Amino acid sequence: MPTAIRTTLLPCGEAVPVLGQGTWRMGEGRLPQKEEAAALRLGLDLGLTLIDTAEMYGGGGAEQVVAQAIAGRRDEVFIVSKVLPSNASRAGVVRACERSLRHLGTDRIDLYLLHWRGGVPLAETVEAFEALVKAGKIRHWGVSNFDVDDMEELEALPAGKRVQADQVLYNLGRRGIEFDLVPWCRQRGIALMAYSPVEQGELADDAALAKVAARHDATPAQVALAWTIRHDGVISIPKASRPGHVRENAAAAAISLTPDDLAELDRAFAPPTRRRPLEMI
């Protein structure tokens, strides 16, 4: 049986794990796809049953890795994928979704996100999302790399309040969203998904994190992950392609940071005191 990972609720009331698995840079030939798929399957065994991917990742290669990982286990998994803004027209979204479904080897995507804003009006993209929900091809929809202004524009649309999540860059070194986007989403129950929660591995060597980690018999990377999910409503999606790294990520869910830990991390990584432009990578 999978390990129990704490969950958070989406606005629709569905519970999803606060720690999932990312797939950025999978399916690009860096490792054999079967090894990447095996890592994802191990994550499922450890309770990391949310898998995040996108049509852009590896030109569909990452979605194909996910297909291998979930074969025979589809009902265990909450799949998140994303449509490129260049495909965000009414017809383009449908074509992109159907292509992703083929890559994923499934008949449905649990949460389908607009990867970032482009030139297509939001209303048109949302209409396409709603049509896909009605067709049973996606269950829920959301956005990625949206700042407060974008979210307010989205919320004003007829179906805008059905947005489930905003996936953004968030880690100890990228705290700008705490000033405005985090409270805005929390007030409305919209989930935040934190991508690059260890800053592509850079935080794994941080001295301040190492000091806190020593008190928990953990690694700095584990503390960085535990920090992102310290509050309800945030889902962290680290990527791991090696079994040891997958186990390390999963174990981070059990770390409970103390007020002293958090204060020490605030001194090392100061929270924002003013609004900042949304960061992306």
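The values are calculated or read from the model by the stated rules, or taken from the named source; none is laboratory data. It should be emphasised that the depicted structure is a prediction, and the values quoted were computed from it without experimental measurement. Backbone-built Cβ (ideal geometry, glycine too); neighbour counts: all protein chains shown.
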### Summary
Among strands (runs of 3 or more DSSP E) completely within segment 79-177, the ones holding 2 or more residues that are over 16 Å from the mean Cα position of the chain (by Cα), at pLDDT 95 or above and more than 18 Å from G59 (Cβ to Cβ) are 138-144
### Query
Is it fair to say I255 is in contact with a helix residue (DSSP H, G or I) (Cβ under 8 Å, 6 or more places away or on another chain) and within 30 Å of E155 (Cα to Cα)?
no
### Task
Go through segment 22-65 residue by residue and tally those that are out of contact with any Leu (no Cβ under 7 Å at 6 or more places or on another chain) and either charged (D, E, K, R) or part of a loop (DSSP other than H, G, I, E, B) (or both).
21
## Note on the structure
Among residues of segment 68-88 being surrounded by 19 or more Cβ atoms within 10 Å (Cβ to Cβ), without any contact (Cβ under 8 Å) to a residue 60 or more places away in the chain and among the hydrophobic types (A, V, I, L, M, F, W, C), the residue nearest to V126 (Cα to Cα) is A88
### Query
Can you pull out the residues in segment 234-268 that are over 24 Å from I190 (Cβ atoms) and more than 22 Å from the chain's Cα centre (by Cα)?
T258, P259, D260, D261, A263, E264, L265, D266, R267, A268
### Task
Answer yes if at least one residue in segment 80-97 is closer than 22 Å to A38 by Cβ and out of contact with any Pro (no Cβ under 7 Å at 6 or more places or on another chain), and no otherwise.
yes
### Task
Could you list all residues from segment 144-177 that are over 20 Å from K82 (Cα atoms), surrounded by 19 or more Cβ atoms within 10 Å (Cβ to Cβ) and not aliphatic (A, V, I, L, M)?
N171, R174, G176
### Task
Go over the candidates G47, G22, G60 one by one and state the one that is under 18 Å from the mean Cα position of the chain (by Cα) and farther than 24 Å from H115 by Cα.
G47
### Task
Give the residue that is nearest to the chain's Cα centre (by Cα), with candidates limited to residues of segment 178-226 that are surrounded by fewer than 16 Cβ atoms within 10 Å (Cβ to Cβ), within 30 Å of G13 (Cβ to Cβ) and free of Cβ contacts under 8 Å to residues at least 60 places away in the same chain.
R186
